[in-house]
Amino acid sequence: MLLPFYKENTIEAGCDEAGRGCLAGPVVAAAVILPQNFDNSILTDSKKLSEKKRYALRPIIEEEALAWAVGIVSHKEIDEINILNASFLAMHRALDQLLIVPELILVDGNRFTPYKNIPHQCIVKGDSKYFSIAAASILAKTYRDDIMNELHQEFPLYDWKQNKGYPTKKHRTAVKEFGQSPFHRKTFSM
């Protein structure tokens, strides 16, 4: 069961990313500020939900959130600064766009680069513990999936519509057979 907040009476922004382990495409992060009384019986870690449920939850999150935003770091930037730094940068870009300044940032995972002078709390498996992080995981995943579905139209050989850039057997085989696309991360081992 997810918790509505980490610290009572605090404006909390949950942050999560999608696409960290992919061979191609961007890393996408989201930041979400929910009302402290937010409740949803379906919302949980995006990895535990079907694609249909993730896309059904997205408009609910966007409508009920006090503020939300998505940050994107391209495959080229990932190659320049590495995937860990790119993940933090994507979260910072999402936080930059929030229309409300949070008082506390809840980050899924065990590491984060401090953002401005706002305190943060890293929470391992936070996307299955707190609503705001779970909501961020849904937005990050669905927005990244949208990008990969669009790229699939241009590069169908890599089956990104199915694997979203993750290193499936079919994706690796396509890279061996056809080489890398312009959207592959050059620093990742294929």
Options Ser87, Ser46: the member that is under 27 Å from Leu23 (Cβ atoms), within 16 Å of the chain's Cα centre (by Cα) and modelled with pLDDT under 95: Ser46
Looking only at region 165-181, count every residue that is over 22 Å from the mean Cα position of the chain (by Cα) and either of a type in the set (Val, Ile, Thr) or closer than 12 Å to Gly25 by Cα (or both) and tell me the total. 4
What helices (runs of 4 or more DSSP H), lying completely within region 1-113, carry at least 1 residues that are within 21 Å of Phe131 (Cβ to Cβ)? 51-64, 83-97
Name the pairs: first residue in region 8-20 and surrounded by 24 or more Cβ atoms within 10 Å (Cβ to Cβ), second residue small (Gly, Ala, Ser) and in a strand (DSSP E or B), Cβ to Cβ under 6 Å, at least 6 apart or on different chains? Ala13/Ala31; Cys15/Ala31; Glu17/Ala29
Can you pull out the residues in region 37-72 that are over 13 Å from Leu2 (Cβ atoms), exposed (fewer than 13 other Cβ atoms within 10 Å of the Cβ) and charged (D, E, K, R)? Lys47, Glu51, Lys52, Glu63
Among the candidates Ile118, Ile100, Ile105, which residue alone is loosely packed, with under 14 Cβ neighbours inside 10 Å and not aromatic (Phe, Trp, Tyr)? Ile100
Filter result for Ser181 (of a type in the set (Ser, Thr, Tyr), surrounded by 20 or more Cβ atoms within 10 Å (Cβ to Cβ), closer than 20 Å to Ile72 by Cα and touching a Leu at 6+ places or on another chain (Cβ under 9 Å)): no
Could you pull out the residue among Glu51, Glu64, Glu77, Glu17 that is more than 17 Å from the chain's Cα centre (by Cα) and of a type in the set (Asp, Glu)? Glu64
Cross-chain or 6+ apart pairs with Cβ under 9 Å, region 109-129 first and over 27 Å from Leu49 (Cα atoms), then modelled with pLDDT of 95 or more and among the small types (Gly, Ala, Ser): Ile118/Ala13
Please find, within region 138-190, the residue that is nearest to Glu62 (Cα to Cα) out of those that are touching a strand residue (DSSP E or B) at 6+ places or on another chain (Cβ under 6 Å) and in a helix (DSSP H, G or I). Leu139
Flagged pairs (Cβ under 6 angstrom, 6 or more apart or on separate chains; first in region 77-90, over 15 Å from His184 (Cβ atoms); second of a type outside the set (D, E, K, R)) are Ser87/Val27; Phe88/Thr113; Leu89/Val73; Ala90/Val27; Ala90/Ala29; Ala90/Gly71; Ala90/Val73
Hits in region 56-91 (condition: closer than 17 Å to Asp146 by Cα and of a type in the set (D, E, K, R)): Arg58, Glu62
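This table checks each residue for (1) modelled with pLDDT under 95; (2) among the small types (Gly, Ala, Ser); (3) surrounded by 20 or more Cβ atoms within 10 Å (Cβ to Cβ).
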{"site": "Asp96", "(1), (2), (3)": "no, no, no"}
{"site": "Ala136", "(1), (2), (3)": "no, yes, yes"}
{"site": "Leu151", "(1), (2), (3)": "no, no, yes"}
{"site": "Lys170", "(1), (2), (3)": "yes, no, no"}
{"site": "Lys186", "(1), (2), (3)": "yes, no, no"}
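The values are calculated or read from the model by the stated rules, or taken from the named source; none is laboratory data. What you are looking at is a predicted structure, and each value in this text was computed from that prediction instead of being measured. Because the Cβ atoms are built from the backbone with ideal geometry, glycine has one as well, and the counts that use them run over all protein chains shown.
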